[in-house]
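K.L.:
My questions will all concern the structure given below.
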Amino acid sequence: MQGIKPIYKKELSDHFSSYRFLILFALIAMVSMITAYMVGMSISKELKDIAKPKFVFLMLFTSSGAWFSLVQFVAFFGPLIGLILGFDTINRERNEGTLSKLLSQPIYRDAVINAKFLAGLTVVAIMMASIVLLISALGLIMIGVIPGQEECVRIFIYLIVSIMYLAFWLEVAILFSILFRSVATSALAGLAMWIFFSFFISLGASAIANSLTVDANDNNSDALVLRTKIETTINLLSPMELYTDSTTIIINPMRKTTRTLVQMGMMEQLSMSRFSGPLPLSQSILVVMPYFIFLIAITVVFFAFSYVAFMRQEIRSL
Amino acid sequence: MELKTVIETKELTKIYNTQIAVDRLTFKVYESEIFGFLGPNGAGKTTTLLMILGLTEPTTGTVQVLDVNPVREPLKVKRFIGYLPENMGFYRDLNAWESLRFVAELNGLPRQVAEERIVDALRCVDMLKDANKKIEAYSRGMRQRLGIAEVLVKNPKIAFLDEPTLGLDPDATNRMMGLIKELSKEKHMTVLLSSHLLHQAQKICDRVGIMINGRMVAQGAMDQLAEEKLGVGKETYTLEEIYMKYFQEA
Ligand SMILES: Nc1ncnc2c1ncn2[C@@H]1O[C@H](COP(=O)(O)OP(=O)(O)OP(=O)(O)O)[C@@H](O)[C@H]1O
Ligand SMILES: [Mg+2]
């Protein structure tokens, strides 16, 4: 489609030459090093005198060391990276008067948002890939374990899902940059959205579930199960929840389901742990697929919103 | 000699919420003329240009640009119209070369052609020696000239210049107007020029249209309008006199 390539090229070079990108990158490099160090230390201490369990390498990403694991970090702060890369894409051009000039060239209007999204996606992909590579490299040095083939595949899938997760937030930011003229407003709207989807929904989910199933107690297991069902369903609306659920399964093969089981007695727990081998890769993918698809689906929905909003918008210079 | 019609609007209307910005506008622009688009602030000049360019959808009415309907085929129309917006912006951390190259790429020009056109355009607006400076270091006049260069890179059949002399000093204004005249004569470009400088417009325009409150109250060659409004046989007249006459009547 005419116009995508030059705009993509320009956006990308804008990103790479901006301080914003440099600072984000420095931040990410720091975080990766901290996580790798933290986790590396604790793993090598724990594994000192015992036989190495399977999937040690993956623990670099999931084990939380002193403070947090990488998976937690990305789930929590990843959205901000997406938002920061996109919150002023369209409205800055509008305010500077370059948008009307751009659109008076023979290009399709959606080429502008497509190219900007693709450029942001590229940046996000580069960032995530470098975090993962950095942590792997540092981990390799610190714990001295080489990842197996399956572990590599799992890490790769984790990378793809993470990129999609950030892409969702990038798309949200682009939508707000179309809807709001003021750069500050769109940044704020993005932030509000982040808090809503990441924290409010999961809090709200348990509140709603509790109020709908007041009669749930230890003797009423049906209601308890219903409560959990309601809660997980509402939680599915939260990208953060989708992301955490899918990535933990991919990168932590010992987990077999995204759900937490209700009402586990002592004996149940015992019998559970006796059968807790790692989930095969193909099974993990199967469990994760719906989450991943849902994540893509909500991104597409937001993309459609921004497409419609942008196509209908009046373009005037100032 | 029958002149070829380049732009033709019929009953073109644009309504914003409740406000009528352009009111049943019908006019024609002929090939390689300079058409002066005059009128007070808020008359609807910019809105009309945007509708012809396909950037804004008309509420009712039709536009034809060289037999193309900009509502249906905006891309085609944008290919042969070069537009200089009234408050044009630039990517400030590019220099003139990069900025022009970007325009050329958006128009899908092959590299070789693009480089030649860019040098030509820069020479035309006398910017060759400043072309390596970043745009944020440009003065108002330089930006305005770069804007013209961006139009020229497209090598358009039609140029829409929305107040190209905004904020220029008298000498720069003269030179800008001279340049526009030259371009229209040398490259046979049709120019639609919106301006508030009547004295300047009088010098270079072949025909003018006067718009007030969204309506085109007069259009035609200047001596023809002078004859109508100021009486037959008046030897010397200024566009300003004609304009004020219409303005008072409205
Ligand atoms: N987005 C909008 N929403 C509502 N009204 C608008 C909008 N854009 C323009 N208008 C109105 O349309 C009318 C025509 O505006 P336009 O910009 O076309 O005038 P103009 O002739 O170019 O004026 P100027 O000489 O000041 O540039 C004005 O009265 C303006 O208030
Ligand atoms: Mg105007």
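The values are calculated or read from the model by the stated rules, or taken from the named source; none is laboratory data. Quantities reported herein were computed from a predicted structural model and do not represent experimental measurements. Positions of Cβ are backbone-derived with ideal geometry, glycine not excepted, and every protein chain shown enters the neighbour counts.
K.L.:
Select the strands (runs of 3 or more DSSP E) contained entirely in segment B:26-103, then report the ones holding at least 2 residues which are among the aliphatic types (A, V, I, L, M) and either touching a Pro at 6+ places or on another chain (Cβ under 7 Å) or within 14 Å of chain A (Cβ to nearest Cβ) (or both).
P.N.:
Answer list for segment B:26-103: B:60-65, B:81-84.
K.L.:
I've got another one for you. So which residues in segment B:45-60 are over 14 Å from the mean Cα position of the chain (by Cα) and buried (at least 18 other Cβ atoms within 10 Å of the Cβ)?
P.N.:
Once the filter is applied, which keeps residues that are over 14 Å from the mean Cα position of the chain (by Cα) and buried (at least 18 other Cβ atoms within 10 Å of the Cβ), segment B:45-60 yields B:54, B:55, B:56, B:58.
K.L.:
If you don't mind, there's one more thing I want to ask. Looking only at residues that are among the polar types (S, T, N, Q) and more than 16 Å from ligand 1 (Cβ to nearest atom) in segment B:162-180, which one is nearest to the other protein chains (Cβ to nearest Cβ)?
P.N.:
B:173
K.L.:
Turning to a different aspect of this structure: Can you pull out the residues in segment A:207-234 that are within 25 Å of residue A:172 (Cα to Cα) and surrounded by fewer than 16 Cβ atoms within 10 Å (Cβ to Cβ)?
P.N.:
A:233
K.L.:
Which residue out of B:66, B:75 is away from ligand 2 (no atom under 16 Å from the Cβ) and on the phi > 0 side of the Ramachandran plot?
P.N.:
So the residue among B:66, B:75 that is away from ligand 2 (no atom under 16 Å from the Cβ) and on the phi > 0 side of the Ramachandran plot is B:66.
K.L.:
Do we find that residue A:11 is without any contact (Cβ under 8 Å) to a residue 12 or more places away in the chain, assigned to a helix (DSSP H, G or I) and crowded, with 16+ Cβ neighbours inside 10 Å in this structure?
P.N.:
When the stated conditions are applied, residue A:11 does not pass them.
K.L.:
May I pose another question? Please go through segment A:76-108 and give me each residue that is within 30 Å of residue A:248 (Cβ to Cβ) and of a type in the set (A, V, I, L, M, F, W, C), ordered by number.
P.N.:
A:76, A:77, A:80, A:81, A:83, A:84, A:85, A:87
K.L.:
Tell me, which residue of segment A:275-299 that is loosely packed, with under 13 Cβ neighbours inside 10 Å and farther than 15 Å from residue A:243 by Cβ is farthest from the chain's Cα centre (by Cα)?
P.N.:
A:275
K.L.:
Can you pull out every residue in segment A:17-40 that is in contact (Cβ under 8 Å) with a residue 60 or more places away in the chain and either surrounded by 15 or more Cβ atoms within 10 Å (Cβ to Cβ) or within 21 Å of residue A:115 (Cα to Cα) (or both)?
P.N.:
A:20, A:21, A:24, A:25, A:28, A:31, A:32, A:35, A:36, A:37, A:39, A:40 - these are the residues of segment A:17-40 that are in contact (Cβ under 8 Å) with a residue 60 or more places away in the chain and either surrounded by 15 or more Cβ atoms within 10 Å (Cβ to Cβ) or within 21 Å of residue A:115 (Cα to Cα) (or both).
K.L.:
Right, something else. Is it true that some residue in segment B:204-215 is more than 14 Å from chain A (Cβ to nearest Cβ), within 14 Å of ligand 1 (Cβ to nearest atom), over 21 Å from residue B:81 (Cα atoms) and among the small types (Gly, Ala, Ser)?
P.N.:
yes
K.L.:
Can you name the condition, by its number, that residue B:33 falls short on among (1) on the phi < 0 side of the Ramachandran plot; (2) within 16 Å of ligand 2 (Cβ to nearest atom)?
P.N.:
(2)
K.L.:
Of the residues that make up segment B:53-63, is at least one more than 16 Å from ligand 1 (Cβ to nearest atom) and either in contact (Cβ under 8 Å) with a residue 12 or more places away in the chain or small (Gly, Ala, Ser) (or both)?
P.N.:
yes
K.L.:
Just the residues that are outside any helix (DSSP H, G or I) and within 13 Å of another protein chain (Cβ to nearest Cβ), please, taken from segment A:87-116.
P.N.:
Correct list: A:97, A:104, A:105, A:106, A:107, A:108.
K.L.:
Please find, among B:82, B:39, the residue that is closer than 28 Å to residue B:203 by Cα, crowded, with 23+ Cβ neighbours inside 10 Å and modelled with pLDDT of 90 or more.
P.N.:
From the options B:82, B:39, the qualifying one is B:82.
K.L.:
Now for a different question. Within segment A:150-262, considering only helices (runs of 4 or more DSSP H) that don't extend past its boundaries, which have at least 3 residues that are in contact (Cβ under 8 Å) with a residue 60 or more places away in the chain?
P.N.:
Those helices (runs of 4 or more DSSP H) span A:183-195, A:239-251.
K.L.:
Continuing with the same structure: Take the residues of segment A:123-158 that are among the hydroxyl-bearing types (Ser, Thr, Tyr) and over 15 Å from the mean Cα position of the chain (by Cα): which is surrounded by the fewest Cβ atoms within 10 Å (Cβ to Cβ)?
P.N.:
So, considering only residues that are among the hydroxyl-bearing types (Ser, Thr, Tyr) and over 15 Å from the mean Cα position of the chain (by Cα), the one surrounded by the fewest Cβ atoms within 10 Å (Cβ to Cβ) is A:130.
K.L.:
Among the residues of segment B:1-25 satisfying the criterion of being more than 16 Å from ligand 2 (Cβ to nearest atom) and either outside any strand (DSSP E or B) or within 14 Å of chain A (Cβ to nearest Cβ) (or both), which is modelled with the lowest pLDDT?
P.N.:
Going through the qualifying residues, I end up with B:1.
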